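Below: one structure, written as structure tokens.
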Amino acid sequence: MQLKNLSKVNFSDKKVLVRVDFNVPLTSDGKVSDDTRIRAHISTIQDLLNQGAVVSLCSHLGRPKGEKNLKYTLAPVADALANLTGWKVKFIPDIIGEVVDNAVANQAKDEILLLENSRFYKEEEKNDIEFAKKIAKNFDAFVMDAFSASHRAHATTRALSDLLPSCSGNLIDREITMMSEARDNPKKPFVLILGGAKVSDKIAVVENMLDKVDTMLIGGGMAFTFLKAQGKEIGKSLCETAKLDFAKEMLERAKAKGVKILLPTDAVVAKEFSNDSPTSVVSVDAMPQDMMGLDVGPQTQEIFAKEIMAAKTVMWNGPMGVFEMPSFAKGTQAIAIALTQATKNGALTVIGGGDSAAAIAKFGFSKDVSHVSTGGGASLEFFEGKMLPGIEPFIL
Ligand code: AMP
């Protein structure tokens, strides 16, 4: 999938608005505690400055639900961006109105404006065109770079693209290049790893990818619904009873298509959902009734790792266990290590955002795989085969 990117538009001397995702975590005294999301947009902003553009930025932060609530102000992010880059960054306390009109009219070329939280207006989440017009009137062009918000059709993620000459920024360009190569053009063998708590969150991914993959490795809480569908006793493990028929159908469909679905063969179990609860490793054919599976066991880790290391393309979404607790993190860590090895062997390895990205960052391997997506929900919808409304206008 090719996108209309920064190279396709002339930004020289243009007033450009960039939609970034500065939805960063803040400390209780309002300081940015993790600047990963800010760093992700520096390349786009730098490219625009190099082209002679006059740059302003807009974003959402948190869920202020259409009300001006200063708990969610972007003001601290302006300081964080300035400290990180040395750029002159001026915070503007609104996204529309006279204060923005004046600031943009008097903006110096080497000054970057950061406009206030777009979600202070309820029109934002309604993709309201009149609201978008009020934002657009101060600018000559628009760059959409907020991949992690691109699955939402909001005024600043979609309507602005329809109103101004626009293109995608470098972050979105890289996300889509890497993920579409894995999804649409995978080198074989292609292994998809799914985990996490809920089957229902991943149903559409399983359905969309079943035709494309050679092997699907299923771990995490969601594996137990599949094991139950095979008639196994799963004790107190997570189970979505309403999804048992779906799991059965997928296992049958995979068999008919010659796609391997591998489920855990052993599990780390405990009586309580707690790091301090004593653990044991059991076969999935002998799960104790009063215990729950909270990680994949060592045999499963080995089987899964072998598949991953033999693959040419790997996509991973969802942890293998409750990786937030050290007692149940080994399965997820083993998968992360196998991915780094597969990458060394020349495979394309793509990690969907959200918990898998948090896990690989926690283990310190983010730089040892081909791509870690910045968007949990957006990458999931991309793997589901859905059109992302924030990206649709730029598909060539
Ligand atoms: P999801 O948002 O569906 O990808 O789920 C991610 C969450 O699943 C993480 O917070 C994990 O702690 C949790 N998880 C993974 N494996 C299990 C399990 N076996 N039982 C309960 N929760 C799990």
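Among LYS4/LYS126; LYS232/LYS367; LYS68/LYS202; LYS271/LYS367, which pairs are too far apart, with a Cα-Cα distance over 32 Å? Each step should come with its number before you reach the end.
Details: LYS4/LYS126 25 Å; LYS232/LYS367 39 Å; LYS68/LYS202 35 Å; LYS271/LYS367 36 Å.
Listed pairs above 32 Å: LYS232/LYS367; LYS68/LYS202; LYS271/LYS367.
Taking only alpha carbon atoms, region 121-163 gives an Rg to Rh ratio of 0.94, where Rh is the Kirkwood radius. Which of LYS15/LYS133; LYS236/LYS306; LYS122/LYS386; LYS260/LYS312; LYS257/LYS312 have a Cα-Cα distance over 18 Å? Check vs 18 Å cut-off fails for LYS236/LYS306; LYS122/LYS386; LYS257/LYS312. The residue among LEU339, LEU74, SER33 whose Cα reaches farthest toward the positive pole of the charge dipole of the chain, with charges on the beta-carbon of Lys, Arg, Asp and Glu, is LEU339. From its DSSP helices (H runs of at least four residues, each -39,500 (n - 2.57)), the chain gives a residue-normalised ellipticity at 222 nm of -9500 deg cm²/dmol. Per residue, the chain exposes 42 Å² of solvent-accessible protein surface, assessed with a 1.4 angstrom probe and all protein chains in place. May I ask for the percentage of alpha-carbon pairs in the chain that lie more than 27 Å from each other? Here the long-distance tail beyond 27 Å is 53 percent of all Cα pairs in the chain. For the pair LYS198 and ASP101, label points projected 7 Å from Cα toward Cβ lie 4.5 nm apart.
The protection proxy used here, the mean number of other Cβ atoms lying within 10 Å of each residue, ranks peptides 26-33, 328-335, 96-103 as follows, highest first: 328-335, 96-103, 26-33. Of interest is the spacing of the C-alpha centroids, which for region 5-44 and region 166-205 amounts to 22 Å. Once a ≥ b ≥ c are taken as the square roots of the eigenvalues of the Cα gyration tensor of region 263-313, is the result rounded (a/c under 1.5), prolate (a/b larger than b/c) or oblate (a/b not larger than b/c)? Since a/c reaches 1.5 and a/b is larger than b/c, the shape of region 263-313 is classed as prolate.
Using a cut-off of 15 Å between beta-carbons, work out the net charge of the residues near VAL281 (Lys and Arg +1, Asp and Glu -1, VAL281 not included). Value of the local net charge: -2.
The values are calculated or read from the model by the stated rules, or taken from the named source; none is laboratory data. Please read all numbers here as calculations on a predicted model, not as lab measurements. Reconstructed Cβ throughout: ideal geometry from the backbone, glycine too, with neighbour counts over all protein chains shown. With ligands, DNA and RNA removed, areas are computed over all heavy atoms of the protein, side chains included. Shrake-Rupley method; radii C 1.70, N 1.55, O 1.52, S 1.80 Å.
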